[in-house]
Amino acid sequence: MANEGLDLFADGFSFLEAPRWHEGQLWAADMFAGHVVAFAADSAAKAVMTVPEVLAGFGWMPDGRLLAVTRSGRLLRQEATAVVELPSLLSGGTAPCNEMTIDGQGRAYIGLFGLAGGGLARVDPDDSARVVATDMLLPNGQALSADGFGDPVPGRAARVRERFSDLTGAHATVLDQVTDDARVQFSPADQAWVDLPVRGRVVLIGDAWHAATPSMAQGGSMAAEDALVLVQELAAGPDIDQALARYASRRRQRTAHVQETTAMRNGLAALPLEDRVGLVPRWAELSVASFAALVPVP
Ligand SMILES: Cc1cc2nc3c(=O)[nH]c(=O)nc-3n(C[C@H](O)[C@H](O)[C@H](O)COP(=O)(O)OP(=O)(O)OC[C@H]3O[C@@H](n4cnc5c(N)ncnc54)[C@H](O)[C@@H]3O)c2cc1C
C-alpha cells in the first residue's frame, strides 16, 4: 500500500510505542533501546529517561514526575537515581508489563499481557501494587474516561483564579494567594481524595481524606477505622512521623477501594434500567469479590 499523504516525521528508532502528547510535545517509548523520547516540533528527538532493559510504558505523576515501567516490571521515577522494584505481585510473574496510564491521583495502571495471566495492574503513589483486572489478553491503548480525575496539575492555580475572578473583597485577597498548582486539589464535587493525608503533624481522617457518595454506605465506617488505626500506630510508636506514615500506608488501599467501588456503583446506577437489570448478576459477583479485597482489615 502506498504511503499516500503520509510524511515521515522521524526515524532511526528501535520500536516506538505508546505515543502521546504532553505539554506541547510528542512523546513515545523507544522500547528496545529503553528510552522515553520527547520530540521537538522539528522532529529532533531527546531521550528524557533511559531504563536498563526493554521499556514497556511511561506516564506522568500529577506533580509532573515521569514514571516508566520496564517489561519485566521494574519502575523508574525521573527524580530517583535508583530503580524501584515492583512488589512480587508483579515482578517475577508470568505476564510481562506493557503500556502505562496514570490518573489524576497518581495511580499508575499497567497492562499485563499474555495468553495466560493477562490483565491490568495498579501501582499507587506509595508503591503498593496489585492486579485490578484479570481475564484480559492485551489491555493496550488505555485512556482515562472524561469523568476521571483528569485535571492536570500544571496551571491549576491560574484556572482557579480565573474561575472565581468575579469575586471581590476578602475572597479576591485570598484568591491572589492561590499560586501553587500542587496545593490545589481537584476532584468531582461528590468525591474528595487527598494524595498525602499526612503533612508534618497534620493528619486527615475520614471524609476530609476520602469522602465518597453514600451509595456504598462505608464513609462512617472508614472514618471510624481511620481513627482506630491512627491510635494504634501512635500507640505503637516510637517515632511520631513513622507512626503517621504507617497510618497513611495501612489505610490507603482500603479507603481507595471504597472510593473506586462507590464510583463504579454510581456509574451503574446512572445506566438505563434495561442495562442495569442485565448487569445485576455480574454486579453481585463483583461486589462479593470487591468486599473480599478490603484488606488489610484493621
Ligand atoms: C445521606 C448520607 C448517608 C450516609 N450513609 C452512611 C452509612 O449508611 N454508613 C456509613 O458508614 N456512612 C454513611 N455516610 C457517610 C458518613 O456520614 C461520612 O462518611 C462520615 O460522617 C464522615 O465522618 P467525618 O468525621 O470524617 O466527617 P463529618 O461527619 O462530616 O464531620 C466533620 C465535622 O466537622 C465539622 N466542621 C466542619 N468545618 C468545621 C470548622 N471549620 N470548625 C469546626 N467544625 C467544623 C462539621 O460540622 C462536622 O460535624 C452517609 C453520608 C450521607 C451524606
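Just so it is clear, none of the values below were taken in a lab; they were calculated from the coordinates. All values derive from a computational prediction rather than experimental measurement. No Cβ is skipped: glycine too gets one built from the backbone with ideal geometry, and neighbour counts run over all protein chains shown.
Laid out as a table, the results:
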{"item": "Residue-by-residue Karplus 3J(HN,Hα) for region 54-67, coefficients 6.51, -1.76, 1.60, Hz, glycine and proline x", "result": "4, 7, 9, x, 7, x, 10, 5, x, 8, x, 5, 7, 10"}
{"item": "Ile102, Ile110, Ile240, Ile205 arranged by Cβ crowding within 10 Å, fewest neighbours leading", "result": "Ile240, Ile205, Ile102, Ile110"}
{"item": "Cut-off under 5 Å, modelled amide H: who pairs with Val48 long-range", "result": "Val36, Val37, Ala38"}
{"item": "Interchain or long-range residues, amide H under 5 Å from Arg107's placed H", "result": "none"}
{"item": "Table column - 3J(HN,Hα) (Hz), region 159-171, Karplus curve with 6.51, -1.76, 1.60, x for Gly and Pro", "result": "5, 5, 4, 5, 4, 10, 5, 7, 6, 10, x, 4, 4"}
